[in-house]
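Asker: Sending over a structure as structure tokens; questions will come in a sec.
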Amino acid sequence: MAVNTVKAKADWKSGTLVECAARNFKVTVDEPISDGGTDTAMNPVELLLCALGGCMSIVASSFAPKFNVDLKGFSVELEGDIDPDGFTGKNPNVRKGFSEIRYKMHIVSDSPKENIDRLYKFIETHCPVKDTLAGVPVVGTYEVKA
């Protein structure tokens, strides 16, 4: 199968306000007031947790029939630990991003437990966002315009 290239764009608007777009959809990113933002939207790391939970939810709903799971409800609670001293430069020895992300899937189904276990294991091993967070090279360049 051919590789798909997914594209997105982020445009800084002002302060910590950023407008992100992919395909025909837009989302705003901001920071809480305590971090110098206007608190009008999720910050990037909150959005990352939502991306992980959203991806797991889509995998669950898309593949539940394959594992004979009658999915009546599904949600994911997520949390991550981040030390702001890392990305602000106050402590160069502290990781800049999350040091750990934890989640708990809530599966509502009356299907046999062994089917739900197989679906859970599939989600764990096939969620593209989780796989990306496990380690993928991130490379970049820049250009300057006057």
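The values are calculated or read from the model by the stated rules, or taken from the named source; none is laboratory data. Just so we're clear, the structure is a prediction, and the values are computed from it rather than from any experiment. Counting neighbours? That spans all protein chains shown, and the Cβs are built from the backbone with ideal geometry, glycine included.
Asker: Is there a residue in region 86-109 that is surrounded by 11 or more Cβ atoms within 10 Å (Cβ to Cβ), assigned to a helix (DSSP H, G or I) and either among the small types (Gly, Ala, Ser) or touching a residue at least 24 places away in the same chain (Cβ under 8 Å) (or both)?
Answerer: yes
Asker: Something else: Closer than 19 Å to PRO84 by Cβ, among the charged types (D, E, K, R) and either outside the structural domain of GLY80 (by TED's automatic domain parsing) or surrounded by 13 or more Cβ atoms within 10 Å (Cβ to Cβ) (or both): is that true of GLU46 in this structure? Reasoning before the result, please.
Answerer: Details: closer than 19 Å to PRO84 by Cβ: yes; among the charged types (D, E, K, R): yes; either outside the structural domain of GLY80 (by TED's automatic domain parsing) or surrounded by 13 or more Cβ atoms within 10 Å (Cβ to Cβ) (or both): yes.
Yes: the conditions hold for GLU46.
Asker: Among the numbered criteria (1) among the aliphatic types (A, V, I, L, M); (2) within 18 Å of ALA134 (Cβ to Cβ); (3) over 20 Å from the mean Cα position of the chain (by Cα), which single criterion is violated by VAL108?
Answerer: (2) is the only condition that VAL108 fails.
Asker: Follow-up question, since we're still on this one. I'd like to verify a number: residues in region 1-22 that are in contact (Cβ under 8 Å) with a residue 12 or more places away in the chain, in a loop (DSSP other than H, G, I, E, B) and within 19 Å of the chain's Cα centre (by Cα), how many? Even if it seems obvious, please write down each step before you answer.
Answerer: Residues of region 1-22 that are in contact (Cβ under 8 Å) with a residue 12 or more places away in the chain, as a first pass: 6-10, 15-18, 20-22.
Subsequent filtering for residues that are in a loop (DSSP other than H, G, I, E, B) retains 6-8, 15-16.
Next cut, within 19 Å of the chain's Cα centre (by Cα) only: 6-8.
Residues meeting the conditions: 3.
Asker: Pick from region 11-43 the residues that are among the hydrophobic types (A, V, I, L, M, F, W, C) and loosely packed, with under 13 Cβ neighbours inside 10 Å: which of them is nearest to ILE82 (Cα to Cα)? Break it down into steps so the answer makes sense when it comes.
Answerer: Just the residues of region 11-43 that are among the hydrophobic types (A, V, I, L, M, F, W, C), to begin with: 12, 17-18, 20-22, 25, 27, 29, 33, 41-42.
If we keep only those that are loosely packed, with under 13 Cβ neighbours inside 10 Å too, we end up with 12, 22, 25, 33.
Values: TRP12: 23, ALA22: 27, PHE25: 28, ILE33: 18 Å.
Ranking the qualifying residues of region 11-43, first place goes to ILE33.
Asker: Right, CYS55: part of a helix (DSSP H, G or I) and of a type outside the set (D, E, K, R) or not?
Answerer: Numbers: part of a helix (DSSP H, G or I): yes; of a type outside the set (D, E, K, R): yes.
Judged against the criteria, CYS55 is a match.
Asker: Please indicate, with yes or no, whether at least one residue in region 27-34 is under 30 Å from ASN115 (Cα atoms) and either in a helix (DSSP H, G or I) or of a type in the set (Lys, Arg) (or both).
Answerer: Checking region 27-34: not a single residue is under 30 Å from ASN115 (Cα atoms) and either in a helix (DSSP H, G or I) or of a type in the set (Lys, Arg) (or both).
Asker: What is the residue count in region 111-146 for residues that are under 23 Å from the mean Cα position of the chain (by Cα), assigned to a loop (DSSP other than H, G, I, E, B) and surrounded by 16 or more Cβ atoms within 10 Å (Cβ to Cβ)?
Answerer: So the count comes out to 1.
Asker: Tell me, yes or no, whether region 72-79 has at least one residue that is over 29 Å from LYS26 (Cα atoms), not assigned by TED's automatic domain parsing to the domain that holds VAL6 and not in a helix (DSSP H, G or I). Let's see the steps before the verdict.
Answerer: First pass over region 72-79, keeping only residues over 29 Å from LYS26 (Cα atoms): 72.
Filter once more, so that each one left must be not assigned by TED's automatic domain parsing to the domain that holds VAL6: 72.
If we keep only those that are not in a helix (DSSP H, G or I) as well, we get 72.
Yes, because at least one residue in region 72-79 is over 29 Å from LYS26 (Cα atoms), not assigned by TED's automatic domain parsing to the domain that holds VAL6 and not in a helix (DSSP H, G or I).
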